[in-house]
Amino acid sequence: MSSDQRFFDFLKERIGLDVTSVGPAIIERAVRQRTTLSQAANAEEYWQLLQGSRDEQQALIEAVIVPETWFFRYPESFATLGKLALKRLGELNNMRALRILSLPCSTGEEPYSIAMALLDAGLKPHQFKVDGMDVSPLSVEKARRALYGKNSFRGDELTYRERHFSAQQDGHLLNENVREQVRLQVGNVLDPTLWASDPPFDFVFCRNLLIYFDQATQKQVFEVLKRLTHDDGVLFIGPAEGSLLGRLGMRSIGIPQSFAFSRHSDPHPEPLPTPKPVTLPISPPPRSTPPTPVRNRPFSAVTPMPTTRASANPDAATLLANIAALANEGKSAEARAACEQYLRSHEPVAQVFYWLGLLSDVAGLTLEAQGFYRKALYLEPQHPEALMHLAALLQAQGDSAGARRLQERAARSGRTADSERKR
């Protein structure tokens, strides 16, 4: 067994991380960083250090976990939560406070967004409580400080910042009345005793977590989430995870862009209508025939994402251009190696994972391609090509409902882009 595989297995055992969900390069980079910072001579010496130090084990986990979150990410989810919470309180005749969970809560933007959304919807402080939990003590500690820089505030709608924050010299401090609504703690979703003696939650936010697990762990975590969610409760998930929940017995509540699911009460739901055919910019090979070799596929014709962290870095931009050139020349192995080189030396971007997905797709590696497309959508939820290609995979697997949802999201993304171009 290689030393790298030992690190992969360690992360799988500790936090359930499936190496294929992020790619080995990201984990290898984290191991190199920790090896250097711990002053270990080599990977073998670092492995021995890791086995004997809980602090170093946590430090490696922290190095692998890169929080990517901001306030009111997926805003329709929070608007939907406000409406559902008022309805739920009516059903309960205000006999108890609502229980809401944010898991993982990362650095606090999500659970605090939940609290702000409910207060803005008219709920009183005694009518709800939000619990936030994350496997990272550093993230939880930052959440408790509740002091945020500009990266936590994105988009054009920032009026909530005027209502709920006070400007400080080094950022914006969340008001105490919002912080008091949120309880934060360190914990692991794989812990079988997690909230075992507590009543279930009315609403659970667990977004962009399942995509990092293999199928067995996804099912294990889903059973935990199902236990934590009230029978009449709602589970909010990430944009790329809807098809997973559909296969596990949940159904969308039907509000676009809310990514909200409830338990499926009908064991034999009516078949959903067949989605309209959509022309894909790059068609993967038919699933009924062996994959064909890559020959001059027009990767360079794929519309680049309008905003990417790599655009300001000339070296990163050169690497991205090189990936496209190699793929266009039919050099799949070289293109994949260039993607891995990019991930070893730069922050991950959606377009690299999209290319990895497409290369795997063309090679007939369906599950691998699906994982890469989901990772691209985690980083860029409206990435149109990743949406459409993942939709094609789901359709081929018989998941028409999941395919339709992704196609509808891609169509909405296209309409938004058209509208912006006309301005």
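The values are calculated or read from the model by the stated rules, or taken from the named source; none is laboratory data. The shown structure was predicted, so the numbers you read here are calculated from the model rather than taken from an experiment. Cβ sites come from the backbone with ideal geometry, for glycine too, and all protein chains shown count toward neighbours. Please note that ligands, DNA and RNA were not included when accessible areas were found on the heavy atoms of the full protein model with its side chains. Shrake-Rupley method; radii C 1.70, N 1.55, O 1.52, S 1.80 Å.
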Next on the checklist: If I ask for residues that are modelled with pLDDT under 85 and in contact with a Pro (Cβ under 8 Å, 6 or more places away or on another chain), which ones from region 360-373 would you list?
Outcome noted: ASP361, VAL362, ALA363, GLY364
Next on the checklist: All but one of (1) assigned to a loop (DSSP other than H, G, I, E, B); (2) without any contact (Cβ under 8 Å) to a residue 12 or more places away in the chain; (3) farther than 24 Å from MET250 by Cβ hold for SER166; state the number of the condition that does not hold.
Outcome noted: (1)
Checklist entry - What about THR69, is it part of a loop (DSSP other than H, G, I, E, B), under 26 Å from LEU190 (Cβ atoms) and open to solvent by less than 20 Å² (accessible area, probe 1.4 Å)? => result no
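Limited to region 347-359, what total is found for residues that are touching a helix residue (DSSP H, G or I) at 6+ places or on another chain (Cβ under 6 Å) and either over 23 Å from LEU377 (Cβ atoms) or modelled with pLDDT of 85 or more (or both)? So that I can check it myself, show each step before the final result.
Our first condition is that a residue be touching a helix residue (DSSP H, G or I) at 6+ places or on another chain (Cβ under 6 Å); within region 347-359, this holds for 347, 349-350, 352-357, 359.
Retained after the next criterion (residues that are either over 23 Å from LEU377 (Cβ atoms) or modelled with pLDDT of 85 or more (or both)): 349-350, 352-357, 359.
Result for region 347-359: 9.
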Next on the checklist: What's the total number of residues in region 174-200 that are assigned to a loop (DSSP other than H, G, I, E, B) and of a type outside the set (Phe, Trp, Tyr)?
Outcome noted: 16
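Could you say which residue among PHE236, PHE213, PHE201 is buried (at least 19 other Cβ atoms within 10 Å of the Cβ), over 24 Å from PHE78 (Cα atoms) and in contact (Cβ under 8 Å) with a residue 40 or more places away in the chain?
Details: PHE236 fails: over 24 Å from PHE78 (Cα atoms); PHE201 fails: over 24 Å from PHE78 (Cα atoms).
From the options PHE236, PHE213, PHE201, the qualifying one is PHE213.
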Next on the checklist: For the condition open to solvent by 20 Å² or more (accessible area, probe 1.4 Å), part of a helix (DSSP H, G or I) and at pLDDT 85 or above, what is the one hit in GLU420, GLU408, GLU340?
Outcome noted: GLU340
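Could you tell me whether region 151-171 includes any residue that is touching a Cys at 6+ places or on another chain (Cβ under 9 Å) and open to solvent by 20 Å² or more (accessible area, probe 1.4 Å)? Don't jump to the end; show me each part of the working.
Pass one, region 151-171, residues touching a Cys at 6+ places or on another chain (Cβ under 9 Å): none.
No.
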Checklist outcome for this item: Within region 120-139, residues more than 20 Å from the chain's Cα centre (by Cα) and either under 14 Å from GLY187 (Cβ atoms) or assigned to a helix (DSSP H, G or I) (or both) come out as ASP120, PRO125, HIS126, GLN127
Item to check | Scan of region 46-59 for residues that are within 17 Å of GLN5 (Cβ to Cβ) and either free of Cβ contacts under 8 Å to residues at least 24 places away in the same chain or surrounded by fewer than 16 Cβ atoms within 10 Å (Cβ to Cβ) (or both), ordered by number | outcome: TYR46, GLN48, GLN51
Next on the checklist: What's the number of the only condition in (1) assigned to a strand (DSSP E or B); (2) open to solvent by 70 Å² or more (accessible area, probe 1.4 Å); (3) of a type in the set (D, E, K, R) that LYS142 fails to meet?
Outcome noted: (1)
Item to check | In region 72-100, the residues that are in contact with a helix residue (DSSP H, G or I) (Cβ under 8 Å, 6 or more places away or on another chain) and open to solvent by less than 30 Å² (accessible area, probe 1.4 Å) | outcome: ARG73, TYR74, PHE78, LEU81, GLY82, ALA85, LEU89, LEU98, ILE100
Checklist entry - Of the conditions (1) in contact with a Gly (Cβ under 8 Å, 6 or more places away or on another chain); (2) modelled with pLDDT under 85, ALA376 fails just one. Which one is it? => result (2)
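Would you mind listing the strands (runs of 3 or more DSSP E) fully within region 221-265 where at least 3 residues are not hydrophobic (A, V, I, L, M, F, W, C)?
Details: elements: 229-236, 250-252, 260-263.
In region 221-265, the matching strands (runs of 3 or more DSSP E) lie at 229-236.
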Item to check | Positions within region 321-337 being at pLDDT 85 or above and either hydroxyl-bearing (Ser, Thr, Tyr) or in contact with a Leu (Cβ under 7 Å, 6 or more places away or on another chain) (or both), in sequence order | outcome: GLU334, ALA335, ARG336
